Amino acid sequence: MALETHPDRGGPGTPLLQAKTLTKHFPLGGGAVVRAVDGVDFAVMKGETLGVVGESGCGKSTTARVVMQLIPQDKGEMLFDGEIVGGKDLTLKEYRRQAQMVFQDSYASLNPRLTIEDSIAFGPTVHGVSKAAAILRARDLLQRVGLDPARFAARYPHELSGGQRQRVNIARALALGPRLVILDEAVSALDKSVEAQVLNLLADLREEFGLTYIFISHDLNVVRFISDRVMVMYLGEVVEIGPVEELYNDPRHPYTKALLSAMPSMDPDNRTMEAPLTGDPPNPINPPEGCRFHPRCPQAQTVCSKVKPALVVTASEDGTRRAACHMEIPGSGHSRAPSLEAAA
Amino acid sequence: MTAIIESAAPIVVPPLAKSPGYWTGVWRRFKKDKVAVGAGLVVLAIILMAVFADYVAPADPTRSSMLRRLRPIGTPGYPLGADELGRDMLSRLIHGARLSLFMGVVPVFIAFVFGSVIGVAAGFFGGKFNTITMRTVDVFYAFPSVLLAIALSGALGAGITNSLLSLTIVFIPPIARIAESVTTQVRSMDYVEAARASGANALTIIRVHVLGNVLGPIFVYATSLISVSMILASGLSFLGLGTKPPTPEWGLMLNTLRTAIYVQPWVAALPGAAIFITSISFNLLSDGLRSAMDVKG
C-alpha cells in the first residue's frame, strides 16, 4: 500500500481544524479539578500558521495534546476539514495520518534504541507502507530537513546535536504526509542560532508541502516571525485571537498588552522599568469568578469579577479579531466599554 | 505532498554503515569492568563444568565406599575429600552444579517471561488495570521469599518439578514490579506519545518502542535473582523439599554433610562454598551489566 495524498475535501473556505468548546479537566484528589483547558474555541485555516502564546500553565500544551488526541477531551469536538475527528468519516487512525506533532524535548521524543531512519520510518509502516519503501522515504525526508542521509540515517539519537535531533523529529512528523503539524515548543529548547535555522526550515517546509501549523511557544518574537494569526491563552481560556501584526501592534485584551510589554526591548532607551503584571500567579485549580484575569488586571471593575466576558469580535471590520474583555463588549457595564449606540 | 508510489520492481534500500549501537557501547563499558569480566568467566567455567560433568568429573558421583567415609581434602584419589558415604566430593560438586544451576536459572527465566508480560502490560496500560494487577502481585510480594517458597513447596509436595514451580511463583512478583516501574517511565516518554500520534496500536508500540527499552533493565534485575534462586533451591533441598538422595545437589549435600561438621568441617563446608562462589559470581556479573547499561545512549 502506498500513502496517497490527502484530498482537500472541504475546499479552501473550510477551516482545516475547528475546535469547538474543547475542555479538559484533570481531577485531583479531594474533588479539586485542574481546569487545564476550559471551553476553547478556535479554527485554523488551510495553509496558515496559528501561533499560540501564554504563560506556563495556561493550557497551551494540553490544548496541543487534546488536538493531537493523545488525551481525550472531556467536552467539545473537533472538525478536521469539515469532518468530525473520530467520527465515521474520519477515524482516529486516519486523522493521525493527517495531523502530526513535534515535541519540545528533542531527545525524549526519539527512541534511543532505534536508528533515526527507523524512527522516521515507523509511522509509515504502521499505515501499511513496506519497510523498504518507508526507509527510502525516511532518507528522502532527512535530505529535505537538511541532514545528509548517508551520514545520519543509520545513527542513533545520542550521536546528534539538539538541532539535528529536532530536524529528525520534524522529518518524522512529515513522514506520514500530514496536512496539519502541531509544533509544541518545538524550537524553545534550541539555542538562538539553531532556533533560527530550524524556524527557516519550518517556513520552507510549509511552502514545499503546503502545511498548516499550530505553533505553540512562549517566545513572542518567534511567534511573530512564523505566525499568520495568534491566539493568546490565559488559564485554559482564549482571551484574544487575531492576525499577528494587528494583534502585536494594537492588543485589545489587557493580558495581551501585559504579555507584549513583557517582551524585552532591543532598544536600551525603551526598556521597561516595572513588571507589567502584578498580583497572584494564576491557579487553574480555582480560577477566579468572572473574567479569569481580573485579579491581575489594572483596569478591572466590578463587572469583571462577576460576569465572564465572551470572546467577541473587536477592532476589525472583517471579524478576524476577537477578544474576551468587558472593555470590548458594548453595554457590558465597564466604564470603558463602547456604548451600545456607538456599536449600533 | 509527495506520495509513495511503489513500483512493481522490488525496492532496493542501499545499506548504510551502521554506527555502533547501544549494545556495542554496553560491551565496551563491560569489558573495562575487571570484576564483572572475572565473574563472567567464573560463571562460564561453572556452566561448562556442569555441561561436561561426565567428562570433567574424576569419579562416579554416586559410587560409595564405606571404608573411605569422610576423608579430608587432599586424600589420594579424593582431591576434595569424601562425603559421609565415601563418595568423591569433587565429582559430586561437579555433578551437583548441574541441578543447582538449573534450579538457579530456570525458575528465574520462566519468572522473567511471565513477570515481564504482567509488569509491561500493567505499566503500559496503567489506570485500573495497573492497580488491580499490581495489588494482586503485591499480595505475593508481601511474603518473605524464603517463607513463600517453603510454603508453596510444602503444599505442592517434594520433588524437583514442584520446587521449580514454587520458585517461579516466588520470583514473578519482584520481576513484575521492576517491569512495571521501568515501563511506566518509558510510557511517559515523548517517543511513545509520538508513536501513538502516528496511529500505532498498543501492541506495535510495545513491540517496537517499549520492549527494547525495558527488557535490558528487567533482564539485569533477573540475573541478580539467579543467586537467590540457587540459594532458595538449596534451602528447599536442605529441608527435604527439593531433590532426593542420592542425586548430587549442593543444598542437599550441605544438609547430609551437616552431621559431619565436627569431624570434617572443611569437607562439610565445600557445598556451601560452591553455592557462595556461584551466586556471588552471578551477582557481580549482573552488577557489571547494570552499570554497563546504565549510561544514557
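The values are calculated or read from the model by the stated rules, or taken from the named source; none is laboratory data. Note that the structure is a prediction, hence the values are computed from the model and not measured. With ideal geometry, Cβ positions are generated from the backbone for all residues, glycine too; neighbour counts draw on all protein chains shown. Each accessible area value is taken on the protein alone, full model and side chains, heavy atoms only, with ligands, DNA and RNA left out. Shrake-Rupley method; radii C 1.70, N 1.55, O 1.52, S 1.80 Å.
Structure notes:
- Bins of 20 Å from zero: percent of alpha-carbon pairs in the protein assembly as shown: 16, 36, 26, 15, 6, 1, 0
- Residue A:110 long-range amide H proximity, modeled H, under 5 Å: B:191
- Ellipticity at 222 nm from helices only: DSSP H runs of n ≥ 4 in chain A, each -39500 (n - 2.57), divided by the residue count, give -8500 deg cm²/dmol.
- Charge tally in the Cβ shell below 13 Å around residue B:59, where Lys, Arg are +1 and Asp, Glu are -1, residue B:59 excluded: +1
- Ellipticity estimate at 222 nm from DSSP helix runs (n ≥ 4, -39,500 (n - 2.57)) divided over chain B, nearest 500: -23000 deg cm²/dmol
- Distant-in-sequence amide contacts of residue A:101, defined by a placed amide H-H separation under 5 Å and a gap of 5 or more residues or a different chain, comprise A:182.
- When nucleic acids and ligands are ignored and a 1.4 Å probe is applied, residue A:107 ends up with an accessible area of around 40 Å².
- Under 14 Å, Cβ to Cβ, from residue B:74 - net charge with Lys/Arg +1 and Asp/Glu -1: +1
- About its Cα centre, the dipole of segment A:17-234 is roughly 460 debye, where the only charges are +1 on Lys and Arg Cβ and -1 on Asp and Glu Cβ.
- Each residue of segment B:265-281 was assigned a 3J(HN,Hα) from its phi angle through the Karplus curve 6.51 cos²θ - 1.76 cosθ + 1.60 (θ = phi - 60°); the sequence is x, 5, 5, 5, 7, 4, x, x, 4, 4, 4, 4, 4, 5, 5, 5, 5 Hz, with glycine and proline shown as x.
- Protein accessible area in segment A:17-234, 1.4 Å probe - carbon and sulfur %: 50
- Fully extending the segment from residue A:306 to residue A:91 would add 73.2 nm, taking 0.36 nm per residue of separation and subtracting the current Cα-Cα distance.
- Residues in segment B:168-209 that, when all protein chains are in place, have 20 Å² or more less accessible area than the chain alone would give (probe 1.4 Å): B:189, B:190, B:191, B:193, B:194, B:196, B:197, B:198, B:199, B:200, B:208, B:209
- Distance between the pseudo-spin-label points of residue B:266 and residue A:23 (7 Å out from Cα toward the beta carbon): 8.3 nm.
- Added length on full extension, which subtracts the Cα-Cα distance from 0.36 nm per residue, residue A:318 to residue A:218: 33.2 nm
- Rounded accessible area per residue of the protein assembly as shown, 1.4 Å, Å²: 45
- In the context of the full protein assembly, residue A:126 retains an accessible surface of approximately 30 Å², using a probe radius of 1.4 Å and ignoring ligands and nucleic acids.
- The simple Förster model, with R0 at 41 Å and r as the Cβ-Cβ distance, assigns residue B:12 and residue B:207 a FRET efficiency of 0.95.
- Couplings 3J(HN,Hα) for segment A:284-296, derived from phi with the Karplus relation 6.51 cos²θ - 1.76 cosθ + 1.60 (θ = phi - 60°), are x, 6, 10, x, x, 5, x, 6, 5, 8, 4, x, 10 Hz, where x marks Gly and Pro.
- Calculated FRET value between residue A:263 and residue B:143, using beta carbons and R₀ = 56 Å, to 0.05: 0.35
- Around residue A:10: net Lys/Arg minus Asp/Glu count, Cβ-Cβ under 14 Å: -1
- Each residue of segment A:330-336 was assigned a 3J(HN,Hα) from its phi angle through the Karplus curve 6.51 cos²θ - 1.76 cosθ + 1.60 (θ = phi - 60°); the sequence is x, x, 6, x, 7, 5, 9 Hz, with glycine and proline shown as x.
- Within chain B, the longest segment free of exposed loop sites, counting trypsin sites (Lys or Arg not before Pro) that fall outside DSSP classes H, G, I, E and B and have at most 13 other Cβ atoms within 10 Å, spans B:64-295.
- Share, in percent, of DSSP beta bridges within chain A that are antiparallel, nearest 5: 60
- Cα-centred dipole magnitude for the protein assembly as shown, charges only on beta-carbon of K, R (+1) and D, E (-1), debye, nearest 20: 2540
- Amide H contacts of residue A:238 (H built 1.01 Å from N, under 5 Å, at least 5 apart or other chain): A:41
- Simple spin-label estimate for residue A:192 and residue B:291 gives 4.3 nm between the two label positions (7 Å along the Cα-to-Cβ direction from each Cα).
- Note on residue A:192: aspartates and glutamates with a C-alpha under 12 Å away, same-chain residues under 8 apart excluded, are A:219.
- Nearest 10 degrees, 0 to 90: helix B:89-125 Cα axis against chain B principal axis: 30
- DSSP beta bridge pairing in the protein assembly as shown, given as percent antiparallel to the nearest 5: 60
- Threshold 10 Å² - residues in segment A:76-104 whose accessible area is reduced by that much or more when the chain is no longer isolated, probe 1.4 Å: A:93, A:96, A:100, A:103
- Charge dipole of chain B about the Cα centre (unit charges at C-beta), most positive-ward option of B:227, B:116, B:146: B:227
- Where A meets B: accessible area buried, both sides, 1.4 Å probe, Å²: 3700
- Taking a straight Cα-Cα cut-off under 22 Å and skipping sequence neighbours fewer than 8 places away in the same chain, the lysines within cross-link reach of residue A:75 are A:20, A:24, A:60, A:88, A:93, A:308.
- In chain A, excluding the sites themselves, the longest stretch lacking any of the trypsin sites (Lys or Arg not before Pro) that are in a DSSP loop with at most 10 other Cβ atoms within 10 Å is A:89-270.
- Calculated FRET value between residue A:70 and residue B:45, using beta carbons and R₀ = 41 Å, to 0.05: 0.20
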